[in-house]
Amino acid sequence: MLLKLALKRIAGNGWRSVFNILILFLVLMGMLFIQGMYDGWMRTARRQKEEWEIGAGHFEHSNYDKYDSFTFKDSFAKIPDHIQELIRQNEVVPILVFSGVLYPQGRMTPISIKGIPWDQALLKIPSQMLRVKDEYPGSLPTVIGQDMARTNGLSQGDLVSMRFKDARGVFNAYDIEIVKVMATPVSSIDESQVWIDFTVLNSLVALQNSATLFILKDEATQLNLGSNWRYISQKKSLEDVLAMMKADQAGGYVVIALLLFLAMIAIFDTQILAVFKRRKEIGTLIALGMTRRQIIRLFTYEGCLYMVFGTILTAILGLPLFIHLGTKGIPLPQELSNLNVGGFSETMKSYYDPLTILFMLIMVFVLTLFASWLPAAKIARMKATQALRGKV
Amino acid sequence: MKKILSILLPILLFAGTICAITAEEILAKVDENMNAGTVKSTARMIVETRRATRTMSSVSYAKGTDTAFTEYTAPAREKGTKMLKIKDDLWLYNPSTDRVIQISGNMLKQSVMGSDLSYEDFMEEIELAEAYIATMLEDKIYDERRCYVLDLMAKTENLAYSRRVIYVDKERMVPLYQELYAKSGKKLKTMRLSKVTKIKGRWYPLQVVFKDELKSGNGTTMIIDEISFDIDIPDHYFTKAVLRK
């Protein structure tokens, strides 16, 4: 009976009810959109890092510090025999890292030279282009990222000199040919980096079958490489990216909080107004024997029904939009995708985690419940005679 | 006549052999001229770039091939910048930040104040006779001077430049031109040495033009205005404490 009465009241409220439902709809849409975009961004960034750089985890030489190129000259060791077999099965990709200098347009620019097997298929780096067919080619085929190409004014087909010191400290120099400018969304394999074939780099730096990193296809649970190597899990590798995103997400939470606050103010105001307008009706209901609890429940039902209608409207109108955002995504302007921020690609797709959606609905529901209960709790305390006389 | 010739020819040939200088001896003489126990010099470094020409003045102190200290005295922007090399370590003091930093890793590969010299080049001080096996090539005239041309190949596998070609003034035993090669055979750097002057019994070039052959531009000129050899230099010039003084 109370639910019926609440429905009648909502219908009787006319435009006020429509506005309430619309506000709740907009709040839910806004919250889901913001959260969906952040979740989508994080998932994309994680996937891109996995596909282009870190795999399911990796081993690095114990001397290696990716932020300190001074360590590169001591950060390699012979590939252990049991890893060799995994490399053949494409379960592991070895990478050798050295530092050098590139001379684009006759300028000097410090670089990291990375050797990756041309026949690997684990990472998305277009390593097939690095294959050296002649024994002594005039120039070495190399791949660079779009950011590296842009900052140094390089493009596909360019020839440029590269100088480096080998493992014994002897200067060596070669002309390299940019055979491919890869459009990678992962800046950490792009900026100031030149990719060449693993075996070629080994021979250039007077090494044999040595590596700095081992990228793994599956998480290393049983693999033991000895004390020379340190295992870095995917989670650990992603820490920096996720921390940056979480910091940015804090701004999104502020917007969500503001939206929620506005919605609650709207519902609270509507309920206060309804209580004020309906004080005689409430008095009559009390005089007819309705208990305090029933009065509160009536108004709370009203608030909850707003929420239900808002959710239904969001489902009807929002679902196609969210499906579109999740499958097709939002095209980003070239300037933004050029920023080379993890997860930023040409189109940004959102992702909706069922648990997150449920959590948001529950949060809005609880707050709506509270905003509806508060004025009703106050009116339910008055006496029937006062209510009948309109003295609230 | 035949008899006289048969006696004289071997004698002449033997005399020629004992008088001919070997490549190793040339290198030893070059080292003698170019290296000293201690050196103090005042020099200017002229860097020519596409946009402008900059001149930097400095005072340097060196002891053997392992230790060296340089303080820049001009222009105002570089004044007070100091560089200290002790064996394989290089430190730089910047007065504007009042900080001493160790130049390492990729930084060693960077150019020194926009010049054709990298910090790594500052670290390269070796005695040629000790480090290289020399082969004599055909003599050449360079800068109107008769020169021995030596092809130097590194004795060990850990020398920065595995090959050098050096033109040595026959009369003064000073290098006038050098080419430095990468292991691949690519020419990396050239040095043109001139204004050879006799200072305290040794010939010494007071002007050097360094050219990074992979880099565009006209190279970097180093002009030595004053130089003194084998003088007393206090040890504190070669400690890190001197950088902040």
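The values are calculated or read from the model by the stated rules, or taken from the named source; none is laboratory data. Since the model is a prediction, treat every value here as computed from it, not as a measurement. Positions of Cβ are generated from backbone atoms using ideal geometry, with glycine treated the same way; all protein chains shown enter the neighbour counts. Accessible surface is based on the protein model in full, side chains and every heavy atom, while ligands, DNA and RNA are left aside. Shrake-Rupley method; radii C 1.70, N 1.55, O 1.52, S 1.80 Å.
Of the residues B:Ala134, B:Thr55, B:Leu27, the one whose Cα sits farthest toward the positive end of the charge dipole of the stretch B:23-244, with +1 on the Cβ of Lys and Arg and -1 on the Cβ of Asp and Glu, is B:Thr55. Placing unit charges on each Cβ (+1 for Lys and Arg, -1 for Asp and Glu) gives the protein assembly as shown a dipole about its Cα centre, and among A:Pro185, A:Leu32, A:Leu96 the Cα reaching farthest toward its positive end belongs to A:Leu32.
To the nearest 20 Debye, how big is the dipole of the protein assembly as shown about its Cα centre, given +1 on the beta carbon of each Lys and Arg and -1 on that of each Asp and Glu? List each step's numbers first, then the result.
Values: 79 positive and 67 negative charges, 821 e Å.
With only Lys, Arg, Asp and Glu charged at Cβ, the dipole is about 3940 debye.
Of the peptides B:127-139, A:105-117, A:195-207, A:360-372, the ranking by mean beta-carbon count within 10 Å, highest at the top, reads A:195-207, A:105-117, A:360-372, B:127-139.
Look at the stretch A:168-179: the mean tally of other chain Cβ atoms within 10 Å of its residues' Cβ atoms is 5.
Can you sort A:Glu91, A:Glu53, B:Glu226 by 1.4 Å-probe accessible area, starting with the largest?
Final ranking, largest accessible area leading: B:Glu226, A:Glu91, A:Glu53.
Protein heavy-atom surface of chain B, 1.4 angstrom probe: 53% of the accessible area is carbon and sulfur, with nucleic acids and ligands not counted.
If you filter the stretch A:164-251 for GluC sites (Glu not before Pro), then keep DSSP loop positions with at most 16 other Cβ within 10 Å, what is left? Here the sparse-neighbourhood loop sites are A:Glu191, A:Glu219.
Hey, can you find the accessible area per residue of chain A for me, probe 1.4 Å, expressed in square angstrom?
Working: 19140 Å² over 392 residues.
On a per-residue basis, chain A sits at 49 Å².
Shielding value for A:156-167 is 3, the average number of Cβ atoms from other chains within 10 Å of each residue's Cβ. Over all distinct Cα-Cα pairs of the stretch B:23-244, the Kirkwood formula returns a hydrodynamic radius of 18.2 Å. Would you mind checking the pairs A:Lys8/A:Lys277; A:Lys49/A:Lys165; B:Lys40/B:Lys189; B:Lys87/B:Lys211 and listing those with alpha carbons more than 22 angstrom apart? Pairs exceeding 22 Å: A:Lys49/A:Lys165; B:Lys40/B:Lys189; B:Lys87/B:Lys211. Ordering A:Gln208, B:Tyr119, A:Ser237 by the projection of their Cα atoms onto the charge dipole of the protein assembly as shown, which places +1 on the Cβ of Lys and Arg and -1 on the Cβ of Asp and Glu, puts A:Ser237 at the extreme positive end. The stretch B:39-69 and the stretch B:167-184 have their alpha-carbon centroids 21 Å apart.
With +1 on each Lys and Arg Cβ and -1 on each Asp and Glu Cβ, and nothing else charged, work out how big the dipole of chain B is about its Cα centre, in Debye to the nearest 20. Please report the intermediate quantities before stating the final value.
Working: 38 positive and 34 negative charges, 121 e Å.
Once rounded to the nearest 20, the dipole reads 580 debye.
Tell me the trypsin sites (Lys or Arg not before Pro) within the stretch A:1-93 that lie in a loop according to DSSP and have at most 10 other beta-carbon atoms within 10 Å. Before the final figure, lay out the partial values.
Values: sites: A:Lys4, A:Lys8, A:Arg9, A:Arg16, A:Arg43, A:Arg46, A:Arg47, A:Lys49, A:Lys66, A:Lys73, A:Lys78, A:Arg88; in loops: A:Lys66.
Sparse-neighbourhood loop trypsin sites (Lys or Arg not before Pro): none present.
Using the basic label-point model (7 angstrom from Cα toward the beta carbon), what is the B:Ile86 to A:Ile265 distance in nanometres? About 6.7 nm separates the two model spin labels. Packing around the peptides B:141-147, A:35-41, taken as the average count of other Cβ atoms within 10 Å per residue, puts them in this order, highest first: A:35-41, B:141-147. Across peptide A:96-104, the average count of Cβ atoms from other chains found within 10 Å of a residue's Cβ is 2.
Roughly how big is the stretch B:128-175's charge dipole about its Cα centre, with Cβ charges of +1 (Lys, Arg) and -1 (Asp, Glu), in debye to the nearest 20?
Numbers: 8 positive and 9 negative charges, 7 e Å.
Roughly 40 debye for the stretch B:128-175.
Each chain gives up part of its surface: A and B jointly bury about 2200 Å² of accessible area, both sides summed, for a 1.4 Å probe.
Based on protein heavy atoms only, the stretch B:23-244 ends up with 48 Å² per residue of surface accessible to a 1.4 Å probe.
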